[in-house]
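Before any comments, here is the structure.
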Amino acid sequence: MNNKNQSMDYITQINSFLRPNTTEKELVLDLFAGCGGLSLGFEAAGYKTIGFEMDKVAANTYTNNLGSNCHAVKLDLDFDYPQAEIIIGGPPCQPFSVGGYQKGIKDSRDGFPVFIDAVKKLQPKVFLFENVRGLLYSNKWYFELIINELHKLGYVIDFKLINAVNFGVPQNRERLFVIGHRTKFTFPKQKVNKVSVLEAIGDLMYTTPPESKFLTESMDKYISNYEIASSCINPRDLYPNRPARTLTCRNLAGATGDMQRIRLHDGRRRRILVREAARLQSFPDWFEFSGTETQQFYQIGNAVPPLLAYNLALALKDCYKMDEIFSIETVLDNKMIANKEFTLF
């Protein structure tokens, strides 16, 4: 079996059903939308989305690929949103990530006040947000503050650390997902089989297209010293028979010790290509990224894997429909009570 056939199933899967396909009447607002990884999953599940993202290049990627527009705007507490039944988003995670110095609420990049304000103004039936796992640990006090504020708005809150690799994404990527609702939400079931790097990029990983960037002898030496200092047992190259390490802006765009790279058959190593990184994040091949190579890597590294987003969107759709049924039954019950004639005897 050649590399092309080995990678075909996964590639066909993401290319075929990860496409905008509006079947639902509800509108979804995606706040801090990035290039649209989360929205792509929701649009593939049948929803129309509108994005809001301050990075103009990322917003351009969203608009060019999805069935909706992304507004390049910096959100604040005075922002007037269009009416929507569902809110999703990824409030900036730098304040709570290890790489972002973990300043939390003191960091001006904190997007949670804006997200909570949008929920308060629109009172959506359901909402979802994603963030780094650090919000549950060193910044747990702030996470509890966020949850308390959302509880005050009348929502039941469910949250879970989810690894994208358990949902068909060929990458170990653990993130926190928080769902707000008023009925019952069930997180999607994990998949049985994990997708390997070879299944995702087997047709690309041993090629050397013109845009390839090879590691120099000095870079190899730097990486070797980095791995010794960090007690790394195995070199951090991509291994074809297992999922990839977490893709981040840093290890995609930067020439760092833990950069994402491939060891070729002739022993040389090269940095992974934009399309390879996109595949490992479950972006379909038709999805085109705007901007420079570095900007494209940043968009990919910041994104929610669309395949994981799709699974969450289907679960959220079930929750939304349950809320609709609950609301209709409540209205009918209230009408019956209002119209019923009461007698003392």
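The values are calculated or read from the model by the stated rules, or taken from the named source; none is laboratory data. It should be emphasised that the depicted structure is a prediction, and the values quoted were computed from it without experimental measurement. Because the Cβ atoms are built from the backbone with ideal geometry, glycine has one as well, and the counts that use them run over all protein chains shown.
What are the residues in the stretch 276-293 that are closer than 24 Å to Lys194 by Cβ, not hydrophobic (A, V, I, L, M, F, W, C) and not in a loop (DSSP other than H, G, I, E, B), if any?
The answer is Glu276, Arg279.
Mind listing just one residue for me: the one in the stretch 255-277 that is of a type in the set (Gly, Ala, Ser) and surrounded by 15 or more Cβ atoms within 10 Å (Cβ to Cβ) and, of those, farthest from Gly291 (Cα to Cα)?
Step one: list which residues in the stretch 255-277 are of a type in the set (Gly, Ala, Ser), which gives 255, 257, 267, 277.
Remaining after also requiring surrounded by 15 or more Cβ atoms within 10 Å (Cβ to Cβ): 257, 277.
Working: Gly257: 25, Ala277: 15 Å.
Selected residue: Gly257.
Can you give me the number of residues within the stretch 45-69 that are part of a helix (DSSP H, G or I) and surrounded by fewer than 24 Cβ atoms within 10 Å (Cβ to Cβ)? It would help to see each step written out before you state the result.
Start the filter on the stretch 45-69 by keeping residues that are part of a helix (DSSP H, G or I), which leaves 56-65.
After this cut, where a residue has to be surrounded by fewer than 24 Cβ atoms within 10 Å (Cβ to Cβ) as well, the list is 56-57, 59-60, 63-65.
Here the count works out to 7.
State all residues of the stretch 197-210 that are surrounded by 20 or more Cβ atoms within 10 Å (Cβ to Cβ), in contact with a Lys or Arg (Cβ under 8 Å, 6 or more places away or on another chain) and either in a loop (DSSP other than H, G, I, E, B) or at pLDDT below 95 (or both); if no residue qualifies, say none.
Residue satisfying the conditions is Gly202 alone.
Under the condition of being over 18 Å from Gly168 (Cα atoms) and of a type in the set (S, T, N, Q), which residue from the stretch 278-306 is nearest to the chain's Cα centre (by Cα)?
Within the stretch 278-306, the match that is nearest to the chain's Cα centre (by Cα) is Asn302.
What are the residues in the stretch 211-253 that are over 29 Å from Gly37 (Cα atoms) and small (Gly, Ala, Ser), if any?
Step one: filter the stretch 211-253 for residues over 29 Å from Gly37 (Cα atoms), giving 215-235.
Those that are over 29 Å from Gly37 (Cα atoms) and small (Gly, Ala, Ser): Ser218, Ser224, Ala229, Ser230, Ser231.
May I ask you to list the residues in the stretch 259-275 that are within 28 Å of the chain's Cα centre (by Cα), farther than 16 Å from Ala303 by Cβ and part of a loop (DSSP other than H, G, I, E, B)?
Within the stretch 259-275, Met259, Leu273 qualify.
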